[in-house]
Amino acid sequence: MDAVFYIAAVTAILATLMVITRLNAVHALLYLIVSLLSVALVFYTLGAPFIATLEVIIYAGAIMVLFVFVVMMLNLGAKTAETERTWLKPGMWTGPCVLAAFLIVEVAYLLFHAGSLGQEAGLVEPKQVAIALFGPYLIGVELASMLLLGALVGAYHLSARKQQQLEIQDGVDSNGTRAVTGRDLTRSGAGGPSRAA
Amino acid sequence: MRRNLIFTLMSIEVMLNAAGLAFVVAGSRWVQPDGQVMFIFILATAAAEVSVGLALLLQLYHRDKSLDADAASRMRG
């Protein structure tokens, strides 16, 4: 159990060092995913299986997918295929794969030697976490929901303003006609029921 | 010093993860669920931060076609 913890910790440190020294964003993202997975294994060996699950699902799943999506959107260009071809060299994915192979070996070891978890470490059950989360920390849950709602509205606002600017820039030459037609459509739509009545 | 904005966001993720690791280790040391509760809050904060941060990054990239943080030093206008 101690060996599993130390190997996962060393893997996390190595992967994080590779994250902050890479020059290519995609290489750094691959190492960052490996780092998060190894930290999840550290959480599991520390007796926090629920947090390990959350780390894999939310950090390595959702947040990293956001990063990969944005990196993919930023590289839209004519030379995208060429850069993709240069990224697919074996030197790119061998490092993360070797580090992830350590983690797979450790997970297999834990799977076949299950039952030894939590006897020596301070195991905190998910039930205790839930009781604490929705008991004394209930106001924190409400604040987190407000924060997430604010982030949702903020991200929508930041990405919606771009489209309005694009429409304005597109319609500079034919701005008058487009605005008039839009207004007419709105007015006819609004006045439809009254006219029918 | 590196000024690429996407690396800045990734480093913020690493630092938030380190803070959460410290919380979970402390909660495991004194067998209390408070550390894991704090990690859940850090997770929500990181999700909110990265969504707004990536939206801002896309805006800055579409504005001046660069991910350099120094390119956004003149923001008036």
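The values are calculated or read from the model by the stated rules, or taken from the named source; none is laboratory data. In this text, all values refer to a predicted model and were calculated from it rather than measured experimentally. Methodologically, a virtual Cβ is constructed for each residue, glycine included, from the backbone with ideal geometry; neighbour enumeration extends over all protein chains shown. The protein model used for the area step is the full one, side chains on, heavy atoms only, and it has no ligands, DNA or RNA in it. Shrake-Rupley method; radii C 1.70, N 1.55, O 1.52, S 1.80 Å.
Structure summary
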{"item": "For A:44-53, mean number of other protein chain Cβ atoms within 10 Å", "result": "4"}
{"item": "Where labels lie 7 Å past Cα in the beta-carbon direction, separation of A:LEU111 and A:LEU143 in nm", "result": "4.1 nm"}
{"item": "Selection from B:LEU9, B:VAL37, B:HIS62, by position along the positive dipole direction of chain B (Cβ)", "result": "B:HIS62"}
{"item": "Net charge dipole size for chain B [Lys, Arg +1 and Asp, Glu -1 on Cβ; Debye, nearest 20]", "result": "260 debye"}
{"item": "Residues in the stretch A:30-51 that a label on A:LEU123 would reach, taking backbone N under 20 Å of a point 7 Å out along Cα→Cβ", "result": "A:40-51"}
{"item": "FRET efficiency for B:ALA26 and B:LYS65, using Cβ-Cβ distance with R0 set to 41 Å, rounded to 0.05", "result": "0.35"}
{"item": "Average beta-carbon neighbours from other chains, 10 Å sphere, peptide B:60-72", "result": "1"}
{"item": "Where B:ARG3, B:ARG29, B:ARG74 fall by accessible area, highest first, once all protein chains stay in place (1.4 Å)", "result": "B:ARG74, B:ARG29, B:ARG3"}
{"item": "Exposure of A:ILE13 as accessible area (Å², to 10), given a probe of 1.4 Å and all protein chains", "result": "110 Å²"}
{"item": "Two-site label geometry, A:PHE69 and A:ALA3: point separation in nm, points 7 Å out along Cα→Cβ", "result": "4.2 nm"}
